[in-house]
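Asker: Pasting a structure here, questions to come.
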Amino acid sequence: RGEESDYDAAFDALLAKQRRRALVLMLTDIDDPDTSAVLLARLDQLRRRHLAFVAAVADTALDGIAHAVPAHTLEAYARIAAERILWERELARQRLEACGVMVTSVPASQLTSALVGGYLTIKQKGRL
């Protein structure tokens, strides 16, 4: 049984305990517009002191459904739903980046290299 992330509690604890500037990496899903709105508000507060980096695992199956040519009605409905989810994810990514948050969304097999690459870019640019 899955439970919703409690971003408020996590950010409150982090802001209370971490006084020095730090890279804050969040591994989370940014598909849900309501969750993304809460995350965005809290990251906007966090980025005043810290550097925020959000990583999401891209759903390659969802991408496949969104680009498939439907053969029947159910596949057409699935495609529309997949396109909507991907659109919401892209909108969330754009909003986060507009607030100065680094965002990466890659398939699970590429996550490690994307995170290491993002960290090296941060260090190279002297952002920490």
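Asker: What number comes out for accessible area per residue over the chain if the probe is 1.4 Å? Units Å², please.
Answerer: On the way: 8230 Å² over 128 residues.
Accessible surface, normalised per residue, equals 64 Å².
Asker: Moving to a separate point now. Expressed as a whole percentage, what fraction of the accessible surface of the range 14-121 belongs to carbon and sulfur atoms when a 1.4 Å probe is rolled over the protein heavy atoms? Please report the intermediate quantities before stating the final value.
Answerer: On the way: 3750 of 6470 Å².
The C+S portion of the solvent-accessible surface of the range 14-121 is 58 percent.
Asker: Can you tally the net charge around residue 9? Count Lys and Arg as +1, Asp and Glu as -1, for every other residue whose Cβ sits under 15 Å from the Cβ of residue 9.
Answerer: Numbers: positive: 17, 42; negative: 3, 4, 6, 8, 12.
My count for the surroundings of residue 9 gives -3.
Asker: Hey, how many Å between the Cα centroid of the range 89-104 and the Cα centroid of the range 1-40?
Answerer: Their Cα centres are 14 Å away from one another.
Asker: I've got another one for you. Please build a GNM for the chain, connecting alpha carbons under 10 Å apart, and tell me which residue among 75, 97, 88 fluctuates the most.
Answerer: 75
Asker: Suppose R0 equals 25 Å; then what is the FRET efficiency for residue 91 and residue 5 from their Cβ-Cβ distance, rounded to the nearest 0.05? Mind dumping the intermediate values first?
Answerer: Values: r = 19 Å, r/R0 = 0.76.
My answer for the efficiency is 0.85.
Asker: Hey, another quick one. To the nearest 0.05, what FRET efficiency results for residue 44 and residue 20 with a Förster distance of 22 Å applied to their C-beta separation?
Answerer: The calculated FRET efficiency here is 0.65.
Asker: Report, in deg cm²/dmol and to the nearest 500, the calculated mean residue ellipticity at 222 nm for the chain, where each DSSP H run with n ≥ 4 adds -39500 (n - 2.57) and the sum is divided by the residue count.
Answerer: -18500 deg cm²/dmol
Asker: Another question, then. I want to verify a result. In a Gaussian network model of the chain, Cα cutoff 10 Å, which of these has the top mean-square fluctuation: 60, 104, 35?
Answerer: The residue with the greatest mean-square fluctuation here is 60.
Asker: Sorted from largest to smallest, which semi-axis lengths in Å does the alpha carbon gyration tensor of the range 38-77 give for its equivalent ellipsoid, taking the root of 5 times each eigenvalue? Intermediate results must be reported in sequence, preceding the final value.
Answerer: Values: eigenvalues 285, 25, 6 Å².
Over the Cα atoms of the range 38-77, the ellipsoid semi-axes are 38, 11, 5 Å.
The values are calculated or read from the model by the stated rules, or taken from the named source; none is laboratory data. Predicted model only: the values in this text are computed from it and were never measured. Cβ coordinates were reconstructed from backbone atoms using ideal geometry, including for glycine residues, and neighbour counts include every protein chain displayed. Note: areas computed on protein heavy atoms with side chains; ligands, DNA, RNA excluded. Shrake-Rupley method; radii C 1.70, N 1.55, O 1.52, S 1.80 Å.
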